[in-house]
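Below is one structure, written out as structure tokens; the observations come after it.
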Amino acid sequence: MEWRDLSLAASPNELTAALIEGIEALPEAFVLYDDQDRMIICNEQYRRLYPLVADMMKPGMRFSDVVHESVARGVFQIDEDSKTWAERRISFHQAGIGFFEQHLSDGRWIQVSERRTAFGGTTSIRADITVLKERERDLRAARAKAETEATARTAFIAKVGHELRNPLNVILGIAQILAGEALPKRQRALIDSLVGASRAMRDVLNDVLDIAKVQSGQVDIRLESIETKPFVQEMVNIARTMTAQKGLAMRSRIETTLPDRMVTDPRRLRQILFNLLGNAVKYTPSGSITLACSLRSPSGGQDVLDISVTDSGPGISPRLTDRVLQPYARQREHVTAGVEGLGLGLSISEELAAAIGARLGIEPGPRGGTRAWITIPIGAAGEPGHPRVMPAARQGLRPGPPLNILVIDDEQTNLIVADALLQRLGHSVTTARDGQEGMRALRAGCYDAVLLDISMPEISGIEIARRIAAEKLGGPGFAIIAMTGNVMPEDIKAYLAAGFTGFIEKPVEFDDLGELLVSVRRDLAGHGVLGPGERVRFPRAESARAFDRTPLDRMVADIGHDSVASIVATGIVTFGQTIEMLASEDGEALERLLHKVHAVAGLLGLDELARSARRDERNASSLSPEQRDDLKDALAKAIVQIKLYALDLEVTAPPD
């Protein structure tokens, strides 16, 4: 009888034979027990799986007998009492919902799946997964090795970072001190270039510390409203200094129609442009470098800033324009010519550009050479008709009351720089060259704050913080601030756990130091008012790419690309306006904007931001500084997230 007729006219014996033949053909082991746990049938694969007890694999054999005999004959690798293991195995079998693994004494691994049948029996499928387990073992070993290497690499980077930060702190500190002096125009330009280059060096160092995050697409972003023209002029000054050192001509083409302000991350944008300029100078043996900056208004779209760096070097092949954005990619001509470098700059720059909502590219120059460009949406702050308000932290330093500050650092040059910067900020300064001297000063004097280096001989900064707490030095409101080059996340956790109020990283930025110390003051009750948002001055931001785009993708399917593009662009503008308004005291205007944020964020799928806006909308006039800072951070993160989505949609236009 043909197989296609069995289901219609086969006898019970024929169906049974067909069923047995099908079970025997299975590549996996199969066994079926009745409601009394007696074996009904098993296939040959099942017997081969357990050769030491294959003689027991026959109808009528009870499962419990098979288990106990398997234990007695040493079928399994058992790392506990054998009786306990057998009882637990029988109970698991009787539950009939098992999915687990067995390790046999011959080294093989078996995956077991057991299910209860409708008549109360148990059916089981078993497969040899030894190869998979070996792969898993190899992967675990490889992961452990990679983690060990990553730990060693992190420790190395942290050590090198600390050693570089100390001299760089002196360079930037002295440059900032000189920048505050009355200087002739020529010297002023040189000092401004030195400050800008020092900051760029600091940013390079920070990027080295964050290289793992950059490579995984996780980049720390701090958006703020900045003055466009001074920023561009700073980059022109840096470019002039770099080209002059190599004997290259420098040309700048800066349009006069640039917006007054733009919303971006100046640190990241500075790093991108520094990389582009550095590459242009490095790969141009002679000739010129041109830095151009212009405002562009796409048809019906949001204004963007176009910045390009064009050199007269050997140029780049059109087929390599994408490849050079990959890590360690360098042209053969550069290697042959002995040009140094690892080829990381452009790769990092592309990651940073995407993180701040910009686009970066490289192409052959119009008349030879290479042209690198970046296009940056200027954000709500640069648009006509919108208030041009700096975030509160950058509206100029409020001097606040002068503080009596103790600085402890084992590097004399660092003490000189800190003393000069703090005195320029109007504070009274005492310095100590090591932990012992610092502890004597703390016990003898009365200070509002202590700035502590961490890596010092004899007594570390962390140990000093612990002794301050143990001896109850400093009094109420006393601030302990780490001033250090050790700023890896685990370092920061250790500082806070030891009792530090906050930290500032070397090289020290004058404005950041001033801003931090403004918050170190006393209220009428004598308590410090350094809030949670100020405990860590430079927190590692959550990845801007951690964004569920599903709601927006669904909207594209439901209402169309153009409609979603308008909603996304509206969100960018609305969130930027709200960041600016949070720096003002106009409660009614802020309430209206938060109401709009609630609606737009809900449409975009930013549920947490929508809930925060709804909550704060009711109390817009009475938000605390900490609440405003938290909301600014959430809005800034949302702007980056939807800018990235807007780039994917090729959207830069707000609705008309």
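Which order do peptides 580-591, 114-125 fall in by mean Cβ count within 10 Å, highest first?
Listed from highest to lowest mean packing, they are 580-591, 114-125.
Arg108 versus Leu52, label points 7 Å from Cα toward the beta carbon: distance in nm?
That separation, rounded to one decimal, is 1.3 nm.
Rounded to the nearest 0.05, what FRET efficiency is calculated for Gln77 and Asp35 with R0 set to 45 Å and r the Cβ-Cβ distance?
0.90
Does the range 1-132 come out rounded, prolate or oblate, given a ≥ b ≥ c as the square roots of the eigenvalues of its C-alpha gyration tensor, rounded meaning a/c under 1.5 and, failing that, prolate meaning a/b above b/c?
Prolate shape, in that a/c is at least 1.5 and a/b is the bigger ratio.
Using mean Cβ contacts within 10 Å as the protection proxy, how do 237-250, 350-363, 180-193 order, highest first?
350-363, 237-250, 180-193
Among the lysines, select those whose C-alpha is under 20 Å from the C-alpha of Lys643, and discard any that sit fewer than 8 residues away in the same chain.
Partners found: Lys213, Lys596, Lys632.
Give me the extension gain from Arg115 to Asp434: residue separation times 0.36 nm, minus the current Cα-Cα distance, reported in nm with one decimal.
107.8 nm
Report the convex hull volume per residue for the range 50-117, counting only C-alpha atoms, in Å³.
Each residue corresponds to 90 Å³ of Cα convex hull volume.
Find the Rg to Rh ratio for the range 412-454, where Rh is the Kirkwood radius over alpha-carbon pairs and Rg uses the same atoms.
Taking Rg over the Kirkwood Rh, I get 0.94.
Here, each number is a calculation from the coordinates, and none is a lab measurement. This structure is a prediction, so every number in the text was calculated from the model and none was measured. Every residue, glycine among them, receives a Cβ derived from its backbone with ideal geometry; neighbour counts consider all protein chains shown.
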